[in-house]
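Read-outs throughout are calculated quantities, based only on the coordinates presented, and are distinct from any laboratory measurement. Owing to the predicted nature of the structure, the values given are computational and were not obtained by experimental measurement. In this analysis, Cβ positions are derived from the backbone assuming ideal geometry, glycine residues included, and neighbour counts consider all displayed protein chains.
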Amino acid sequence: MTLNNMREDWIEVELGEICFTTSGGTPSRNNIEFYQGSIPWVKSGELDKGIIYDTEEHISEDAVKNSSAKIFPEGTLLIALYGATIGKLAFLGVAASTNQAICGIYKSEAINSKYLFNFLLNRKQKLISQGTGGAQPNISQTILKKLEIPLAPLPIQRAIVSKIEALFSDLDNGIANFKKAQDQLKIYRQAVLKKAFEGELTKEWREGFVKTDDTTPVKTDGRPSQLPTNEDNLPKGWKWVNSGEFFSFVTSGSRGWAKYYSESGSVFIRITNLNFDTLNLDLREEKIQYVNPPKNSEGLRTKVEEGDFLFSITGYLGMFAIAPKLESAFVNQHVSLCRPKDFFNKKYLAYWIISKSGGHYHLNKNQKGAVKAGLNLDDLKTFPVPLPPTIQEQTQIVQEIERRLSVCDKMEQSISESIAKAEALRQSILKKAFEGKLLSQAEIAQCKQEADYEPASELLKKIQAEKVKTHGRASQSTSQSASQRAPQRTSQSASQLVKTDGHSSQQK
């Protein structure tokens, strides 16, 4: 049936009625020669380039002949069917093959490819919700083919695509500016930290500071030989101190915790819970792993206490957090736990650690391993720390840092909210487009003046007629839902009629 008046001359069809679809395949890995050809072979992880012109791997013609892989023509729309990339889309800029996790949707005379792209982008979450499976849902071609599409006359489709692209261009420019501002904030944060540990933020404070009886000098155990020997670049009274003097002990988590994984219990702190530029643990529910270790089990030394310093020691070095109060928590083998002493301001040292010119620099300088960066526990005990002589100045520095960074935090929050609104507006634009609300009456009237304007039902009839002409008779397969929606057209499946690159494609 015809849709509401806002979508005059539109009809509702299933994707499988107007488009030919098929999935790819993976040639046998046992035959090395299969992967020494020149045919691009797309994997679902590569569907993030918009238009694909080349791929990480290539296969040979023999690989295509001896597997379910097939060559899709240039312009084919690809969609990931399962895994972490489910619903991702891209066009082929060249003829190419794909693996079986990707469905190729051939060009159709019934629908503008970019119109279809935007429609599938709008329906991505719906497709994912229809997926089957456990942690990583799968969408089958059956689900894809049954997806209902509001089919508009071709001039309307083109106008919608043009308006979407114009609006998205404005959004993209705005988002790019917001992200540029985010990058500038990161630079400013590090500039604040650099000045803080050069003594610049407390220069005036030191000049007016009067030492009183409650001023507590920080005592250290002397200068280790590996510390910088030049204190001329430090404010008067400051000295370089070995990081190990600040901790009562340093340890790291052990392996073998997977057997204790559970749905609830103690928080198991991993690198994913640490950050680069804040002192806070990231304890969003989706990032938390819980464990239930037996009492007095191995690893209780790594039970986390409030105020503990947590360092990443493999992979992404320089990630850090101060542990908040947690009922029960442990660290894994990629995280080191350092228990600080009480003679200094903990945040002072923590901000030095995340400073790119400070602890972060020294720890990354000491990294080991050619493939995967890593630190040993001695590295956490031997990096240099510039220490003011009094806790008062340490506290003043922390206050000066946080006063400035709190402004950054507010700006960051405002920018993040603006980006989220822009992304929501993107979805709103797509929703309006396929409800027939994006174009004005004047724009619709202009579309109706174009030479190829005709109701979508007539367009579909022509496609079906082409099938009859090509094959000599109408297909016997019927689509009951299609005939109920548009009784003026025949009920055969248009998916077998669609012409691609000048040739009719018959689904096999």
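Which whole-Hz couplings ³J(HN,Hα) result when phi for each residue of segment 62-73 is put into the Karplus expression 6.51 cos²θ - 1.76 cosθ + 1.60, θ = phi - 60°, listed in order with x for Gly and Pro?
Along segment 62-73, the couplings run 5, 5, 5, 5, 10, 7, 7, 5, 8, 9, 8, x Hz.
Arranged by the count of other C-beta atoms within 10 angstrom, fewest first, what order do Phe330, Phe168 take?
Fewest-to-most ranking of Phe330, Phe168: Phe168, Phe330.
Provide the gained length on full extension for the span Arg206 to Glu412, in nm with one decimal, where the gain is 0.36 nm per separating residue minus the Cα-Cα distance.
Result: 71.0 nm gained on full extension.
Using DSSP to call loops (not H, G, I, E or B), can you name the chymotrypsin sites (Phe, Trp or Tyr not before Pro) in segment 332-401 whose Cβ has at most 14 other Cβ atoms within 10 angstrom?
Listed in order of number, the matching sites are Phe343.
Between Ile187 and Lys462, what FRET efficiency follows from the Cβ-Cβ distance if R0 is 56 Å, with the result rounded to 0.05? Don't jump to the answer; show the numbers that get you there.
Values: r = 58 Å, r/R0 = 1.04.
Here the calculated transfer efficiency is 0.45.
Could you list which residues have their amide H under 5 Å from that of Glu454, counting only those 5 or more apart in sequence or on another chain, with H placed in the peptide plane?
Excluding prolines and chain starts, which carry no amide H, the hits are Leu154.
Based on the Cβ-Cβ distance from Ser38 to Arg284, what FRET efficiency comes out when R0 is 60 Å, to the nearest 0.05?
In this case the efficiency is close to 0.85.
Once the piece of chain linking Asn233 and Lys365 is laid out straight, how much longer is it, given 0.36 nm per residue of separation minus the C-alpha distance between them?
Result for the pair: 45.5 nm of gain on full extension.
What ranking of Met411, Met6, Met319 emerges when the number of other C-beta atoms within 10 Å of each C-beta is taken as an exposure proxy, fewest first?
Met6, Met411, Met319
Please go through segment 9-82 and write out the GluC sites (Glu not before Pro) that DSSP classes as loop and that have at most 11 other C-beta atoms within 10 Å.
For GluC sites (Glu not before Pro) across segment 9-82 that sit outside H, G, I, E and B with at most 11 neighbouring Cβ atoms in 10 Å, the list reads Glu56.
Report Rg (one decimal) and Dmax (nearest whole number) for segment 100-206, counting Cα atoms only, units Å.
For segment 100-206, the Cα radius of gyration and maximum Cα-Cα distance read 24.2, 77 Å.
Just to verify a number: FRET efficiency for Glu74 and Glu402, C-beta to C-beta distance, R0 = 35 Å, to 0.05?
With R0 = 35 Å, the Cβ-Cβ based efficiency is 0.05.
Which of Lys295/Lys356; Lys194/Lys341; Lys145/Lys179; Lys203/Lys410 have a Cα-Cα distance over 32 Å? Write out the running numbers ahead of the final one.
Values: Lys295/Lys356 40 Å; Lys194/Lys341 24 Å; Lys145/Lys179 38 Å; Lys203/Lys410 26 Å.
Pairs exceeding 32 Å: Lys295/Lys356; Lys145/Lys179.
Return the long-range amide H neighbours of Gln367 (sequence gap of 5 or more, or a different chain), with a cut-off of under 5 Å between placed amide H atoms.
Placed amide hydrogens put nothing under 5 Å from Gln367.
How much length would be gained if the chain were fully extended between Glu454 and Lys179, taking 0.36 nm per residue of separation minus their Cα-Cα distance, in nm to one decimal?
Taking Glu454 through Lys179 to full extension adds about 94.6 nm, to one decimal.
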